[in-house]
Amino acid sequence: MRQENKFSDIFKSPMTLGMLVLGIALVLGVPYWALQTLPGINNPVTGEAPVPQGDPNAGINFQELGTLPDELAQSAAVILSQEEGVMPEPLLGLPEPGGFGLVYPVRETIDTIQPALSWTLFAPGPYKIVLKDKAGDIVASAQNIPNIAWVLPKKLNPGGTYSWQVTAANNESQDAAFVVMSTEDVAELQRARKDFPQSHLALGLLAEHFGLLSTAEREYQALAREFPNAEAPARLLANVTALRD
């Protein structure tokens, strides 16, 4: 009877009952929380996977992008938020490359008016190369090139669109198109390179904005090496690589 009165007294006292409930919650809750957060260990009671903890992009300074000019800052934010790569606006009118034998430039923007064109040994040489403008007029050409690179002998027009074709000795040919940056865009990019000399994030996003896919890929590779466990660099690199394939 005395034991029964003790249990009865517990349930009659709100304070005592509250302490009892809190004690039970702590006994059950602490192990559950710990098992939820231990890396790589599923909760043996519920089978639930551990909850990811922390910032997936810790250490990356995204705030610096806010100092870009408004248009560039908005474009950088859009690129940064995309789950999959989207072809930059300057490249939307370019045709798909014909084949996979050309290396550079292939459906991208270039920031020089006298580029070196390069290709692979897709077929035996020597090679013939022809460069045309948007109207289809021949701008430059050469024959019997023994190497897999050729520096244009003349300067191209800033803002112009061009296509080039390489033909091997067996008449197999490969072709691609590219855009030359306008003078204004080159100046904008040069200012950004002065303002963000060490930021692979900012320079990569700006390069992608202008369609400089090869440059963007290099910047994202450097960013991924700097932050090997971060989510954003890996995603940006995968997206721009897919655009180049």
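The values are calculated or read from the model by the stated rules, or taken from the named source; none is laboratory data. As the structure is a prediction and not an experimental result, all values here were calculated from the model. All Cβ positions, even for glycine, are placed from backbone atoms using ideal geometry, and neighbour counts span all protein chains on display.
Structure summary
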| read-out | value |
| --- | --- |
| Residue ID - surrounded by the most Cβ atoms within 10 Å (Cβ to Cβ), chosen from residues in the stretch 66-103 that are assigned to a helix (DSSP H, G or I) and free of Cβ contacts under 8 Å to residues at least 12 places away in the same chain | A73 |
| Test set (1) in a loop (DSSP other than H, G, I, E, B); (2) on the phi < 0 side of the Ramachandran plot - G136 fails condition number | (2) |
| Scan of the stretch 158-177 for residues that are under 29 Å from A73 (Cβ atoms) and out of contact with any strand residue (DSSP E or B) (no Cβ under 6 Å at 6 or more places or on another chain), ordered by number | G159 |
| Answer from T120, T109 - the residue that is of a type in the set (V, I, T), in contact (Cβ under 8 Å) with a residue 24 or more places away in the chain and over 20 Å from S182 (Cβ atoms) | T120 |
| Selection status of E208, of a type outside the set (F, W, Y), part of a helix (DSSP H, G or I) and farther than 20 Å from G93 by Cα | no |
| Output for the stretch 190-211, where each listed residue is within 19 Å of T161 (Cα to Cα) and either more than 12 Å from the chain's Cα centre (by Cα) or free of Cβ contacts under 8 Å to residues at least 24 places away in the same chain (or both) | A207, F210, G211 |
| Residue, nearest to Y127 (Cα to Cα), within the stretch 173-188, restricted to residues that are of a type outside the set (D, E, K, R) and surrounded by fewer than 21 Cβ atoms within 10 Å (Cβ to Cβ) | S173 |
| Set L156, L212, L206: member being within 16 Å of E64 (Cβ to Cβ), surrounded by 19 or more Cβ atoms within 10 Å (Cβ to Cβ), out of contact with any Gly (no Cβ under 8 Å at 6 or more places or on another chain) and modelled with pLDDT of 95 or more | L206 |
| The one condition in (1) closer than 30 Å to N144 by Cβ; (2) touching a residue at least 60 places away in the same chain (Cβ under 8 Å) that N170 fails to fulfil | (2) |
| Test: residue in the stretch 161-183 that is assigned to a loop (DSSP other than H, G, I, E, B) and either among the basic types (K, R) or at pLDDT below 95 (or both) | no |
